[in-house]
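Remarks on the structure that follows.
The values are calculated or read from the model by the stated rules, or taken from the named source; none is laboratory data. What you see is a predicted model, and the numbers here were worked out from it, not measured in a lab. As a convention, Cβ positions derive from the backbone with ideal geometry for all residues, glycine included, and neighbour counts pool all protein chains shown. Only protein heavy atoms, including side chains, enter the accessible area calculation; ligands, DNA and RNA are left aside. Shrake-Rupley method; radii C 1.70, N 1.55, O 1.52, S 1.80 Å.
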Amino acid sequence: MSIPVKPFDPQSLRTDFPILDVRVHGDRQLVYLDNAASTQRPRQVIQRIRDLYERQYANVHRGIHWLSEQSTDLYEVARETSARWINARHPQEVVFTSGTTASINLVARSWGDANLGPGDEILLTLLEHHSNIVPWQQLAARTGAKVRFVPIEDDGQLRLTELNALLTERTRVVSVTAASNVLGTHVPVADIISQAHAVGAVVLVDAAQSAPHQVTDVQASGVDFLAFSGHKMLGPSGIGVLYGREELLEEMPPFLGGGSMIRRVTTDGFEPGELPEKFEAGTPPIASAVGLTAAIEYLQQIGLGAIQEYERQLAVHAHDRLSALEGVCILGPEVDKKGAIICFLIDGIHPHDAAQALDQQGIAVRAGHHCAMPLHDRLGFPATLRASFYFYNTLEEVDLLVDAIVATQRVFRRSS
Ligand code: PMP
């Protein structure tokens, strides 16, 4: 089913997002710059979920009645759409989870427990989100494996010269983000994958911050596992994708046990089902999967090329304007080496106080460690401010952010 989406024009695309018109703190215009945490949803996604609940919803796979078949078809279309979105070979290489965190935990539990032992190494980077650190630390604690980290340069780029030394025959898995959720740093995953494969390591790419913005091609990159979340790309919360190469998924034991993931259960035990149901115990996120289909179709109609080009303009404008402000320091690499995320500090104002002051002016940014404490330890700051953009943001909103920062500085100067 095709969705009537207009040609790329941020002002007209914004009209698809009802929440962008919400007034905050009385009658302030909302400037939503927290897209790295979660994007908003266009009415096409909301409507698709509404249609499902109003006309097509039943539990999937189990029923033989008409509604259940409707629902099952839509759920499997979501799988096919997601598989095409990342260019997977087969839809059964797509496992639906509740999000990136659940996807990475699934791999660490299922593949990790079966394949790692004492002395084995897990290689991460200092750019990782806690979701791509803690499951591996838990795996290491269970198996006696060791977690190592690729360091970063002061500007937040990976120190790739150290990758060679860190990748050894002991490295069993390399798990890297494609883009930092804090600094926006783009990571050269294709190079990392080929170097990791050369020592026989399996690679997981955390695509939570890249899948919404740039083309993901699991066949071209040769990645073994890849994870992303629906809510960061216009989809509903509660749905994520785990891609796994079929041969790997086939060998892996189920992680969660329950309904749907079995072929047969007796009082003595169970036989797991086929892919991908083997990894989808219980009632899956049916409505969220159907919403994800609509989100992917919406993004496809705009085109990731147009989105990337426009986001680059936003990032360049934000960089130019913020770096011209006295007392504002931008962290992270040059603008051409990162996505549309600006991580910054304001002299003399704690990030939480600054975020609160900006919020009072209608600007939604995030302050804190952004679930990346090891990265913040390396940067030397416990907390930072983050403005993260998506294609429905405008150059005028960047200017509103800048005006609000200047106003905040004025207030804090007066009160100090
Ligand atoms: N990895 C990265 C890089 C992220 O930005 C996030 C979300 N902030 C996650 C993992 C976790 O995603 P979720 O909360 O959807 O599981």
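Points to keep in mind about this one:
- Amide hydrogen proximity for residue 34: with H placed 1.01 Å from N in the peptide plane, the residues at 5 or more positions away or on another chain lying under 5 Å are 388.
- Count, lysine Cα pairs under 29 Å in the chain, 8 or more residues apart or across chains: 6
- Ellipsoid semi-axes in whole angstrom, largest first, where each is sqrt(5λ) of the Cα gyration tensor of the chain: 36, 29, 18
- Taking 0.36 nm per residue of separation and subtracting the current Cα-Cα distance, fully stretching the chain between residue 197 and residue 410 would add 71.3 nm.
- Ranking 21, 16 from most to least accessible surface, computed with a 1.4 Å probe over the protein chains only, gives 21, 16.
- Residues 319, 186, ordered by accessible area of protein heavy atoms at a 1.4 angstrom probe radius and largest first, appear as 186, 319.
- Accessible area of residue 19 in the full protein assembly, 1.4 Å probe (Å², nearest 10): 70
- FRET efficiency estimate (nearest 0.05) - Cβ-Cβ, residue 141 to residue 76, R0 56 angstrom: 0.90
- Accessible area of residue 69 in the full protein assembly, 1.4 Å probe (Å², nearest 10): 100
- Take every Cα pair under 8 Å whose residues are at least 6 apart in sequence, average their separation, divide by the length of the stretch 179-282, and the relative contact order is 16 percent.
- The residues of the stretch 21-126 present an accessible area of 45 Å² per residue when probed at 1.4 Å with all protein chains retained.
- Calculated [θ] (222 nm, deg cm²/dmol) that DSSP helices of n ≥ 4 give over the chain, each run adding -39,500 (n - 2.57): -11000 deg cm²/dmol
- Modelled spin-label separation between residue 134 and residue 306, with each label point placed 7 Å from Cα along the Cα-to-Cβ direction: 3.9 nm.
- Normalised by the number of residues in the chain, the mean separation of alpha-carbon contacts (under 8 Å, six or more apart) gives a relative contact order of 22 percent.
- DSSP-assigned coil residues among GluC sites (Glu not before Pro) in the stretch 270-365, each with at most 16 further Cβ atoms within 10 Å: 274, 326, 334
- Value of relative contact order over the stretch 300-416, rounded to a whole percent, pairs C-alpha under 8 Å and six or more apart: 28
- Selection from 184, 107, 25 lying farthest towards where the dipole of the chain points positive, charges on Cβ: 25
- Rounded to the nearest 10 square angstrom, residue 415 shows an accessible area of 90 square angstrom against a 1.4 Å probe.
- Simple Cβ-charge dipole of the chain, Lys/Arg +1 and Asp/Glu -1, about Cα centre, in debye nearest 20: 680
- Each of 130, 65 has its accessible area taken with a 1.4 Å probe; listed largest first, they run 65, 130.
- Per residue convex hull volume, Cα atoms of the stretch 148-261, in Å³: 133
- Residue separation of residue 29 and residue 246 scaled by 0.36 nm, minus their Cα-Cα distance, works out to 73.4 nm of gained length.
- Simple spin-label estimate for residue 215 and residue 51 in nanometres, 7 Å along Cα-Cβ: 2.8
- Projected onto planes of every orientation and averaged, the convex hull of the alpha-carbon atoms in the stretch 76-144 covers 5.6 nm².
- Among the trypsin sites (Lys or Arg not before Pro) within the stretch 14-104, those in coil by DSSP and having at most 13 neighbouring Cβ atoms inside 10 Å are 62, 89.
- Placing R0 at 60 angstrom, the Cβ-Cβ distance between residue 377 and residue 65 gives a FRET efficiency of 0.60 after rounding to 0.05.
- Scaled to the globular estimate 2.2 N^0.38 Å, the Cα spread of the stretch 48-107, given as radius of gyration, is 1.27.
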